[in-house]
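The values are calculated or read from the model by the stated rules, or taken from the named source; none is laboratory data. These numbers were taken from a predicted model, which means no experiment stands behind them. Note that each Cβ is placed from the backbone with ideal geometry, even for glycine, and that neighbours are counted across all protein chains shown.
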Amino acid sequence: MTATNPAIEVAGLTKSYGEHAVLDGVDLTVPQGTVYALLGPNGAGKTTIVNILSTLLAPGDGEIRVAGFDVRREPAGVRAVIGATGQFSAIDTLLTGRENLRLMADLTHLDRAAATTAVTMMLTRFDLADAADRRAQAYSGGMKRRLDLAMTLIARPQIIFLDEPTAGLDPRSRRNLWAIVREQVADGVTVLLTTQYLEEADQLADRIGVLDNGRLVAEGTAAELKRRVPGGCVSVRFTDTAGLAAAASVNPQASSDTEALILRLPGDGSIAGLRRLLDTLDDDRVAGLTVTSADLDDVFLALTGHAAEALAAEEIPA
């Protein structure tokens, strides 16, 4: 894989189980050293894509390359450069944290000295050194997730697949994992993650693809996706009723709260739209301004037809 080639190239990817189409002509490209997030409800096809890219599942039609390797004809080449963390922890809870890492180092054919160094480094980096010699069954959920990710990274893969890596974690554990992902990308690693959390994609991803019913229905940065859906709002608080009335007269699409002296206008999240609004206001009569954008439910409802909490059926397992 040269410096100019994408880390992942997918064109016309399909996958069906009988008459049930899980993926229906998906196209996506992930440049090296970036984070690409697949966002969508359960059943959209996110895990199926990850399983195909990591050679765990045979694709239907389409061209799929990972690090320049064809996933059908060169699966060994793909496996040599990737790491994957699934929705459910792959650790052996009867082993200690150190033993789990050592096992993974042996499976990836690190020599004894390199394995010892890598295990020690991972235990320290993932804040597991104090618990290294305790059985993993005694670990908290966040510790198990950190150990799982450490096992994925011990062989220093070029490309990492993270399938809903923070599902079920508390906010502190989730942010710790975000920091680890950022560090990997800073070192040139490419990350493809699946998530139902727009906040997570917003924090980590360079680009986001929104999947629904096996199709990529939208793609862009988090800001671009938010601007595509309704839900944005600009709230302007005035010093007096005269200022509120004057602004309302030139912004007929706005709603007024005369008691709170607030004018609320739908916003598209763009700088140009905000500038047009500001041009209609009298600075001396404005006491404050708040801009809010579409949230997770807005994006899900507009782009997939599902609320974030109203999840569809699970994908058919391989």
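Among the residues of the range 161-176, which ones are assigned to a helix (DSSP H, G or I) and either in contact (Cβ under 8 Å) with a residue 12 or more places away in the chain or crowded, with 21+ Cβ neighbours inside 10 Å (or both)?
Correct list: R172, S173, R174, N176.
When the range 177-188 is examined, which residues are found to be of a type outside the set (F, W, Y) and either surrounded by 16 or more Cβ atoms within 10 Å (Cβ to Cβ) or touching a helix residue (DSSP H, G or I) at 6+ places or on another chain (Cβ under 8 Å) (or both)?
Within the range 177-188, L177, I180, V181, R182, Q184, V185 meet the criteria.
Do we find a residue being assigned to a strand (DSSP E or B), in contact (Cβ under 8 Å) with a residue 24 or more places away in the chain and assigned by TED's automatic domain parsing to the domain that holds P31 anywhere in the range 220-229?
Checked the range 220-229: no residue is assigned to a strand (DSSP E or B), in contact (Cβ under 8 Å) with a residue 24 or more places away in the chain and assigned by TED's automatic domain parsing to the domain that holds P31.
Does the range 14-32 contain any residue that is within 28 Å of L101 (Cβ to Cβ) and assigned by TED's automatic domain parsing to the domain that holds A223?
Scanning the range 14-32 turns up at least one residue that is within 28 Å of L101 (Cβ to Cβ) and assigned by TED's automatic domain parsing to the domain that holds A223.
Mind checking which residues of the range 205-219 are aliphatic (A, V, I, L, M) and not in a strand (DSSP E or B)?
A205 - this is the single residue of the range 205-219 that is aliphatic (A, V, I, L, M) and not in a strand (DSSP E or B).
Residues in the range 139-152: is at least one assigned to a loop (DSSP other than H, G, I, E, B) and surrounded by 14 or more Cβ atoms within 10 Å (Cβ to Cβ)?
yes
Here's the yes/no breakdown for (1) farther than 26 Å from T221 by Cβ; (2) surrounded by fewer than 14 Cβ atoms within 10 Å (Cβ to Cβ); (3) at pLDDT 85 or above:
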site	(1), (2), (3)
R237	yes, no, yes
L244	yes, no, yes
S249	yes, yes, yes
T258	yes, yes, yes
L265	no, no, no
D268	no, no, no
V286	yes, no, yes
T290	no, yes, yes
S293	no, no, no
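Any residue that is more than 27 Å from V78 (Cβ to Cβ) and either out of contact with any helix residue (DSSP H, G or I) (no Cβ under 7 Å at 6 or more places or on another chain) or in a helix (DSSP H, G or I) (or both) - is there at least one of those in the range 189-196?
No, the range 189-196 has no match at all.
Look at S249 and say whether it is assigned to a strand (DSSP E or B) and not hydrophobic (A, V, I, L, M, F, W, C). Steps first, answer last, please.
On the way: assigned to a strand (DSSP E or B): no; not hydrophobic (A, V, I, L, M, F, W, C): yes.
Spelling it out, it is not the case that S249 is assigned to a strand (DSSP E or B) and not hydrophobic (A, V, I, L, M, F, W, C).
Restricting to the range 65-102, name every residue that is surrounded by fewer than 15 Cβ atoms within 10 Å (Cβ to Cβ), over 25 Å from the mean Cα position of the chain (by Cα) and of a type outside the set (D, E, K, R).
If the condition is that a residue be surrounded by fewer than 15 Cβ atoms within 10 Å (Cβ to Cβ), over 25 Å from the mean Cα position of the chain (by Cα) and of a type outside the set (D, E, K, R), then A76, T93, L94 are the ones that fit.
Before we move on, is L39 buried (at least 21 other Cβ atoms within 10 Å of the Cβ) and of a type in the set (A, V, I, L, M, F, W, C)?
So L39 fits the description; yes.
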